[in-house]
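Below is one structure, written out as structure tokens; comments come after it.
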Amino acid sequence: MVGTLTLPSMKPLDIELLSDLPGLELKARYVMDGFLSGLHRSPYKGFSVEFAQYRAYQPGDDLRRLDWRLYGRTDRLQVREYEAETQMRVIVCVDVSPSMRYGSATKGLTKLDYARMVAASLAMLAQRQRDAVGLAVLGGKLEDFLRPKSSLSNLHTLWSLLERDPGRVAPRLAASLQEAAPLMRRRGIVVILSDFYEDMEPLRAALRRLRHARHDVIALQILDPAEIDFNFEGRGTFVDLETGARIKAGVDEIRESYLERFGNFLKETREMFRDHGADFELLRTDRDPLPALSAYLARREHLL
Amino acid sequence: MNWLFPGFLMAAALVGVPVVLHFLRGKPRTIIPFPTLRFLGPSALRETRQHRIRRWLTLLMRCALIALLAAAFARPFWAKPPTLNGKAMVIAVDNSYSMTAVDHWAKLKVWAASQLGGLKAGDRAGILLMNPTPRWLVPMTPNLEQVRTAMATLTPGWQTTHYDPALRLAGQTLAQTAAKQRTLVWMGDQQRLGWSGVDFAKPLPAGVKILFPDELLPVAQQAAITRLQVGGTDRKFVVEAAVRLYEPVVAKRTLVLREGTKELARQEIELNVGDEQKVAISIPKEPTQTELALTATLEPVDNLPADDSAYAVFQGEQGSKILLDTVEMAENEADYLAHAVDSMGVVQEQPFRRGDLPAGAWPVRSIAMLRGEEAFGSERAKCLDQFLADGGTVWIWVTGEPQQKSWLERHQVKITPLPLPGAELHHWQDFDVESPLLSDYAQNGLLPLLRIEFEAGWSLQSPGLEGLANWENKTVAAGVLGVGRGRVVLFGFPPSRAASNWPGQSSFVPFLHQMLTALSAQGSLTPVLRVGQAIVLPAEKGTWSKIAGSGALAPQEIAHAAVTPEEPGIYEYRSGNNVWRYAVNLDTQESDLTPWPQKSDWLALQSKDPNPEMKAVADAATQEQGSQQNNWWWMVALALVLLPMELALANRTSL
């Protein structure tokens, strides 16, 4: 039976503080620390019988894995680590299309900032799991691709790629995913961070292709609260960040139809991913991204 | 489409206001960046499109609303070109009392009726009364039966004749009538008085023909009572009458004086044509008798009976009397006030007689003029206060003497001497020309008053004082104050040469006379009244009735009113124990029946151009059609329908 990871309730992160932190690495570490402090046992574990090394005990480690004899000899708490029997391969795909540059709060995070932070945190988590982690930057085409490796230097490369501004790109998520698919040769976990503002059919085709290559897919849909609640007032000109199109409208008169259409879109998106055996999480930029990390760990445990 | 008041169309320019507002408010200022419009695309586009349509519709409705209201006020109508057909006739009726001479009225009515008989169905006619000012008894109408009925029941009045205003109005009315033949039927006796003032060089408008009656027979016997006054002493009434003979050269008449049906006296008078014979008749009187309502008639009755009667009233022992206090004159001073009042005794229109302040109660129907201290002493002051309480009128010339000052202060009047004049003497100014006391005098100009120079004077100050004139420092120089039921006229200077140069100027006596006339006309004295002249009755509620003269008048309860008697006679206003009587007489100018000497003059009024001027006809037709068509109502109704629709739409587009 495949084990599942049941996560206890975690103290939410201060999203304002998170947005104020400088640098992607610092953000990722803050997220990681917040995530780990909520766990009663360490997420770092392997199931191989081949001893690999000792390491210092960390709060949350399984006490069963303490080497009591070594403790008797050296008076230090050390945990036995084993070489994982199967090293996971994780590809984090980040959508950098113009719609992801939206942020309703003046000082808050844009959806792209949020996606980068989640991607960096996931990569950090994966690297600590000794998993090989890679990156695909999806825009009008496959903007960047980093092959999965488990080294620390790879992690730093990934972070720097994430921080690179791709400029204004066309919104072609499905096409760029199709482009990235041949580069992901071995089976792994593909984490897609996007708002999924894409036509369903091309997206479904791309997803089908990833699943055909036996990848496990985690879809993390990142949305701004203003998109979900549509809490504007009065009357104004709405400007499409992707196409530059403009529409003058009174918010009160279009709110109802917007919320209905948007709700349908969310439902369709969720069902599409779940129909193809993918995990799906909706992340709001005004809330912490811990559910994303939990989803990753849950999927990983499922695979192991 | 034509417009009755096209000036209102200018208001249609206001449509620019909503248009400007539309374009000023047209674009939403808020820009809302949004990740994708895919979820609000169709509905927002639809809403935006609908919103735009609604806004344009609102603008359209607002413009339409303004345009409709402007058009409605401009009174639109469909004008049809006028066509000339039928006949139009105006019968101008001289309804003055001279028309009652001999059989003039009856003959002229028959003649006018015969002219009316020439009209057929479809023709139009009207009756215009000439006096006292032109007025339509029957406006121009195709209902000839109505005109004939009015003509048959028409009776002459008691006014005097003025032809010119009626002549021009009738001519203008006919000129604007769309008829082939337009006739002005002149039903008048061609009296010289009537034609005076007519510009014979200015003929009637084109196409208007005037018809005059055949010459009337001249009157053989005509005399009139031109003046009747009655005064009184302790033992007798003194009646002064003037009688003028117009025809024949010499005649005898008997002047009979009656009170009601009781004959009081009669006197035979020998008259010469053109002369005014004055007679004075004494009538014995009981000591207790204080009133007399007198009717004088000439016998035998002549060809114009209307002016053979006259009326006069005597009310109270001192009717029309000015009570003057006695003052000691300084050296080189004369009693200018006494001289002025004495001079008013000989004028015809409103004579006044001077009397001394009585030792006892002052007769309330007189005017007391006080300029010294005599009347303000302790005993006299009681009479003065009682006189005012009973409704008397007092004219006080302020001298600042202690008892006068004390009495004034008791009645809350504070007097302050003017500063000694410098190089420029004092003047009074800011005259209240609307005041009834000054309005008559002001009609002839205030320049003489403005030129008066004052060496000394007093500023008047009182809470209830209504100013008549101010000093140059804006304090009150003359004013009127209500005390009890009476009135006090205050002049802030004495009537002496030491105070001002006025008593020696020519404006002094006329001004005093006008003021006294105005004061007496307001109730305290008996004014001389003519038919058609308004009488302002006392403020108390009372009964208005006629006690002598031709015709009857049902008693009427009235208050705060002015009445205009249309017939001569003696009228009475009774309020409780107070009785006011008014003798109303004819204006005897009308008694002179002499016709205009040259018939050719009035024949010259005949229009030189027999063809009507179409422009005047078209203008009149346009006016008539414009006032008859109610298109503007439909426009207002449409605007009222549009208004709620506009409001509903505007509410939906106000976001």
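The values are calculated or read from the model by the stated rules, or taken from the named source; none is laboratory data. Just so we're clear, the structure is a prediction, and the values are computed from it rather than from any experiment. Positions of Cβ are backbone-derived with ideal geometry, glycine not excepted, and every protein chain shown enters the neighbour counts.
Which count do you get for residues in segment B:376-400 that are farther than 15 Å from B:P495 by Cβ and over 33 Å from the mean Cα position of the chain (by Cα)?
So the first thing to find is which residues in segment B:376-400 are farther than 15 Å from B:P495 by Cβ, and the list is B:376-393.
Filter once more, so that each one left must be over 33 Å from the mean Cα position of the chain (by Cα): B:376-386.
Number satisfying all stated conditions: 11.
What's the total number of residues in segment B:38-96 that are among the aliphatic types (A, V, I, L, M), more than 19 Å from B:V641 (Cα to Cα), modelled with pLDDT of 75 or more and outside any loop (DSSP other than H, G, I, E, B)?
To start, the set of residues in segment B:38-96 that are among the aliphatic types (A, V, I, L, M) comprises B:40, B:44-45, B:53, B:57, B:59-61, B:64-72, B:74, B:79, B:84, B:88-93.
Now narrow it down to the ones that are more than 19 Å from B:V641 (Cα to Cα): B:40, B:44-45, B:53, B:74, B:79, B:84, B:88-93.
Next, only the ones that are modelled with pLDDT of 75 or more stay: B:40, B:53, B:74, B:88-93.
Narrowing further to those that are outside any loop (DSSP other than H, G, I, E, B): B:53, B:88-93.
Total satisfying the criteria: 7.
Can you tell me which residue in segment A:227-243 is surrounded by the most Cβ atoms within 10 Å (Cβ to Cβ), limited to those that are more than 21 Å from B:R49 (Cβ to Cβ) and more than 8 Å from chain B (Cβ to nearest Cβ)? Give the steps one after another, and end with the answer.
First, pick out the residues of segment A:227-243 that are more than 21 Å from B:R49 (Cβ to Cβ): A:227-229, A:231, A:233, A:241-242.
Pick out the ones that are also more than 8 Å from chain B (Cβ to nearest Cβ) and you get A:228-229, A:231, A:233.
Working: A:I228: 16, A:D229: 13, A:N231: 10, A:E233: 10.
By that ranking, first place goes to A:I228.
Testing A:E163 on (1) loosely packed, with under 13 Cβ neighbours inside 10 Å; (2) under 21 Å from A:T269 (Cα atoms); (3) touching a helix residue (DSSP H, G or I) at 6+ places or on another chain (Cβ under 6 Å), one condition comes back false. Which one is that?
Single failed check for A:E163: (2).
Would you check if B:L4 is out of contact with any Phe, Trp or Tyr (no Cβ under 6 Å at 6 or more places or on another chain), surrounded by 15 or more Cβ atoms within 10 Å (Cβ to Cβ) and at pLDDT below 85? Outline the logic, then answer.
Numbers: out of contact with any Phe, Trp or Tyr (no Cβ under 6 Å at 6 or more places or on another chain): yes; surrounded by 15 or more Cβ atoms within 10 Å (Cβ to Cβ): yes; at pLDDT below 85: yes.
Yes: the conditions hold for B:L4.
If the requirement is being surrounded by fewer than 17 Cβ atoms within 10 Å (Cβ to Cβ) and away from chain B (no Cβ under 14 Å), which of these qualifies: A:L158, A:L125, A:L152?
Working: A:L158 fails: surrounded by fewer than 17 Cβ atoms within 10 Å (Cβ to Cβ); A:L125 fails: surrounded by fewer than 17 Cβ atoms within 10 Å (Cβ to Cβ).
Every option except A:L152 fails the conditions.
With respect to the numbered conditions (1) within 14 Å of chain B (Cβ to nearest Cβ); (2) touching a Pro at 6+ places or on another chain (Cβ under 9 Å); (3) crowded, with 19+ Cβ neighbours inside 10 Å, which one is the sole condition not fulfilled by A:L283?
Every condition holds for A:L283 apart from (1).
Report yes if some residue within segment B:610-621 is modelled with pLDDT under 75, farther than 30 Å from B:W195 by Cα and among the polar types (S, T, N, Q); otherwise report no.
No - not one qualifying residue is present in segment B:610-621.
Looking at B:L137, B:L119, which one is surrounded by fewer than 23 Cβ atoms within 10 Å (Cβ to Cβ), under 34 Å from the mean Cα position of the chain (by Cα) and closer than 28 Å to B:Q628 by Cβ? Walk me through it before giving the result.
Details: B:L119 fails: under 34 Å from the mean Cα position of the chain (by Cα).
Going through B:L137, B:L119 in turn, just one is surrounded by fewer than 23 Cβ atoms within 10 Å (Cβ to Cβ), under 34 Å from the mean Cα position of the chain (by Cα) and closer than 28 Å to B:Q628 by Cβ: B:L137.
Please give the number of the condition B:G457 fails out of (1) surrounded by fewer than 21 Cβ atoms within 10 Å (Cβ to Cβ); (2) touching a Leu at 6+ places or on another chain (Cβ under 7 Å).
B:G457 satisfies every listed condition except (1).
Hey, any hits in segment A:188-195 for a residue that's of a type in the set (D, E, K, R) and under 18 Å from the mean Cα position of the chain (by Cα)?
Here is the first cut: in segment A:188-195, the ones of a type in the set (D, E, K, R) are A:195.
Going one step further and asking which of them are under 18 Å from the mean Cα position of the chain (by Cα), we end up with A:195.
Scanning segment A:188-195, I find at least one residue that is of a type in the set (D, E, K, R) and under 18 Å from the mean Cα position of the chain (by Cα), so the answer is yes.
Tell me the helices (runs of 4 or more DSSP H) entirely within segment B:378-487 that contain at least 1 residues that are closer than 18 Å to B:I367 by Cβ and among the aliphatic types (A, V, I, L, M). Step through it out loud before you land on a result.
Details: elements: B:378-389, B:402-410, B:436-442, B:447-450.
Correct list: B:378-389, B:436-442.
Specify the residue that is farthest from B:R49 (Cα to Cα); the eligible residues are those in segment A:193-226 that are free of Cβ contacts under 8 Å to residues at least 60 places away in the same chain and in a helix (DSSP H, G or I).
The qualifying residue farthest from B:R49 (Cα to Cα) is A:H212.
What residue, of A:R235, A:R211, is farther than 27 Å from A:P289 by Cβ and touching a Gly at 6+ places or on another chain (Cβ under 8 Å)?
Numbers: A:R211 fails: farther than 27 Å from A:P289 by Cβ.
One residue alone meets the criteria, A:R235.
Among the strands (runs of 3 or more DSSP E) contained in segment A:69-188, which hold 1 or more residues that are over 30 Å from A:D229 (Cβ atoms), without any contact (Cβ under 8 Å) to a residue 24 or more places away in the chain and assigned by TED's automatic domain parsing to the domain that holds A:F238? Spell out the reasoning first.
On the way: elements: A:78-82, A:89-95, A:132-138, A:142-149.
Result: A:142-149.
Has segment A:256-274 got at least one residue that is touching a residue at least 12 places away in the same chain (Cβ under 8 Å), over 20 Å from A:I15 (Cβ atoms) and assigned to a strand (DSSP E or B)? Full working, then the answer.
Keep residues of segment A:256-274 that are touching a residue at least 12 places away in the same chain (Cβ under 8 Å), which gives A:258-259, A:262, A:266, A:268-270, A:272-273.
Still in the running and over 20 Å from A:I15 (Cβ atoms): A:258-259, A:262, A:266, A:268-270, A:272-273.
Restricting the remaining residues to those that are assigned to a strand (DSSP E or B) gives none.
No: zero hits.
One residue is enough: does segment A:244-267 have a residue meeting the conditions over 23 Å from A:R186 (Cα atoms), more than 9 Å from chain B (Cβ to nearest Cβ) and in contact with a helix residue (DSSP H, G or I) (Cβ under 8 Å, 6 or more places away or on another chain)?
no
For B:G86, all conditions in the list (1) of a type in the set (G, A, S); (2) over 30 Å from B:F212 (Cβ atoms); (3) surrounded by fewer than 22 Cβ atoms within 10 Å (Cβ to Cβ) hold save one; what is the number of the exception?
(2)
Name, by its number, the condition in (1) assigned to a strand (DSSP E or B); (2) assigned by TED's automatic domain parsing to the domain that holds B:D94; (3) aliphatic (A, V, I, L, M) that does not hold for B:I570.
Among (1) assigned to a strand (DSSP E or B); (2) assigned by TED's automatic domain parsing to the domain that holds B:D94; (3) aliphatic (A, V, I, L, M), B:I570 violates only (2).
Restricting attention to segment B:167-182, which residues are in contact with a Leu (Cβ under 6 Å, 6 or more places away or on another chain) and within 30 Å of B:Q589 (Cα to Cα)?
B:A170, B:G171
Among the residues of segment B:395-417, is there at least one that is among the aliphatic types (A, V, I, L, M) and at pLDDT below 90? I'd like the intermediate steps shown before the answer.
Filtering segment B:395-417 for residues among the aliphatic types (A, V, I, L, M) gives B:396, B:398, B:408, B:413, B:415.
Next, only the ones that are at pLDDT below 90 stay: none.
No - not one qualifying residue is present in segment B:395-417.
Of the residues A:D288, A:D252, A:D199, only one is over 24 Å from A:K141 (Cα atoms) and surrounded by fewer than 20 Cβ atoms within 10 Å (Cβ to Cβ); which?
Details: A:D288 fails: surrounded by fewer than 20 Cβ atoms within 10 Å (Cβ to Cβ); A:D199 fails: over 24 Å from A:K141 (Cα atoms).
Going through A:D288, A:D252, A:D199 in turn, the sole match is A:D252.
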